[in-house]
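One structure below.
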Amino acid sequence: MKIAIASDHAGFRLKEGLKAFFERNNIDYIDFGTDSTASVDYPDFAKKVVDCIRNGCADFGVLICGTGLGMSMAANRFKGIRAALCFFPEMARLARKDNNANILVLPGRFMGIELAEWVLSAFLETKFEGGRHERRIRKLEDYGS
Ligand code: RB5
C-alpha cells in the first residue's frame, strides 16, 4: 500500500509526525510538501495529492491544513475523489466502510499526533463494504466534473 501525503503550513508539523509513523510501520509514502511552516496555499497541495490518487501513483491520500476544511473543499471538487475530514477513529472507519473515502483529511490545528495516528490507522485498516453504499457513491460520481 502506498500513501500520498501533503499539507499546508498549518498542517506541516502533523504531516512530519505522520511520516515518522509511516516509517515505523513500513508504510510506503510520497510526501508532496509543504516543506516548512512558511505560509502556502492549501489548494496547491490538495491538487498534488488528488492528481496522484487519480493517476494511480498511490492507493490513499492524506491531506492536512489548519481546520481540514480547505483541503476537503479543494479535494472534493475532483471526480473520483472522496475526501473525508475525520476527527475520531470511528469517523475514519465509517468514511472507509460506507463512503469508500480515498483521502483522509486531518485538522492540523486541532489534532495531536497520537489521535492522528489512531484516526489514520482506523482509516487504513477498514475496507469498503460495498452493497447499498456502492449505489450512493455512483450517484456522487454523477455530480463530479
Ligand atoms: C491557513 O491559515 C488556514 O486557512 C488553512 O490551513 C486551512 O485551515 C483552511 O481551511
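No lab work stands behind these numbers, since they all come straight from the coordinates. Since this is a predicted model, take the numbers as computed values, not measurements. Backbone-built Cβ (ideal geometry, glycine too); neighbour counts: all protein chains shown.
Estimated purely from DSSP H runs of n ≥ 4, each contributing -39500 (n - 2.57), the mean residue ellipticity at 222 nm for the chain is -14000 deg cm²/dmol once divided by its residues. Enter the Cα centre distance for the pair the stretch 43-78 and the stretch 117-142, rounded to the nearest angstrom. So the separation of the two Cα centres works out to 16 Å. Taking 0.36 nm per residue of separation and subtracting the Cα-Cα distance, full extension of the segment from Lys79 to Ser121 would add 12.6 nm.
For the chain, the residue among Ala6, Ile103, Trp118 whose Cα projects farthest onto the positive side of the dipole built from Cβ charges is Ile103.
Take every DSSP beta bridge whose two residues both sit in the chain; close to 0 percent of them are antiparallel. With 0.36 nm allotted per residue and the present C-alpha distance subtracted, the Glu23-Lys139 stretch has 38.1 nm of extension available. Taking the chain as a Gaussian network, where each spring joins two C-alpha atoms under 10 Å apart, which residue of Asn102, Asn25, Asn76 fluctuates the most? Most flexible of the set in this elastic network: Asn25.
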